[in-house]
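Read through the structure below, which is laid out as structure tokens, and then see the notes.
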Amino acid sequence: MTKGIGALAAAVFALATSAACTVQQADSAPPLTGPSGVFQDITVTATPDVITRDGVSQSAIVVRVFGPNGQPASAVPLRVDILDSTGIPVDFGTLSTKQIVTGTDGRATTVYTAPPPPPPTAGGTTTFATIRAIALGNGALNSKSFTAEIRLVPPGVILPPAGPPPAAFTF
């Protein structure tokens, strides 16, 4: 009989302590409506992304801005800069304009012109120009920048073809 009372006491104790550790279900979950109203997705592309460092080669910089609903965002002012390897704005080449505004299609463009070639004693090394776009205005938009890289090759460098060369044999 002592075993029966001990088992009953253990069952009552387990039931009492488990009742104190319950998870209460919320009445309703908050609605999921997507990102906040200030969220914008920005993409920066450079075409072509490999140019000769000769002082005249150019690359078109296209910045596209999409609003929180995924639609193109118009009339968004942007600042475009050229950055060095540490992220500091520099004049390494030129931009046709540094202040751009998106059109009704959510696009804004500027043109990057490569810097003059390095002196012959500097050797022929490949460098990069990082182009950064930042949305101007209030809110969280100022906290994030978006970039594209342009590879600058020395004059006289012959680049490999975009794809593998075709095999052509003569016997």
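See the values below:
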| read-out | value |
| --- | --- |
| Inter-residue pairs, beta-carbon under 8 Å, first farther than 30 Å from THR45 by Cα and in the range 150-171, second among the charged types (D, E, K, R) and modelled with pLDDT under 70, 6+ apart | none |
| Subset of the range 84-104 [touching a residue at least 24 places away in the same chain (Cβ under 8 Å), within 15 Å of ILE150 (Cα to Cα) and of a type in the set (S, T, N, Q)] | SER85 |
| The range 85-99, subset over 30 Å from GLN71 (Cβ atoms), assigned to a loop (DSSP other than H, G, I, E, B) and of a type outside the set (Asp, Glu), residue least open to solvent (accessible area, probe 1.4 Å) | GLY93 |
| Residue selected from the range 127-171 under the condition at pLDDT below 90, polar (S, T, N, Q) and touching a Leu at 6+ places or on another chain (Cβ under 8 Å), by the criterion least open to solvent (accessible area, probe 1.4 Å) | THR127 |
| Cross-chain or 6+ apart pairs with Cβ under 7 Å, the range 51-65 first and in a strand (DSSP E or B) and open to solvent by 40 Å² or more (accessible area, probe 1.4 Å), then of a type in the set (D, E, K, R) and at pLDDT 95 or above | ARG64/ARG107 |
| Identity of the residue in the range 100-121, out of contact with any strand residue (DSSP E or B) (no Cβ under 6 Å at 6 or more places or on another chain) and open to solvent by 60 Å² or more (accessible area, probe 1.4 Å), that ends up modelled with the highest pLDDT | THR104 |
| Residue among ASP91, ASP105 that alone is over 17 Å from the mean Cα position of the chain (by Cα), more than 21 Å from ARG53 (Cβ to Cβ) and among the charged types (D, E, K, R) | ASP105 |
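The values are calculated or read from the model by the stated rules, or taken from the named source; none is laboratory data. Keep in mind that what you see is a predicted model, and the values were worked out from it rather than measured. In this analysis, Cβ positions are derived from the backbone assuming ideal geometry, glycine residues included, and neighbour counts consider all displayed protein chains. What goes into the accessible areas is simple: the full protein's heavy atoms, side chains included, and nothing from ligands, DNA or RNA. Shrake-Rupley method; radii C 1.70, N 1.55, O 1.52, S 1.80 Å.
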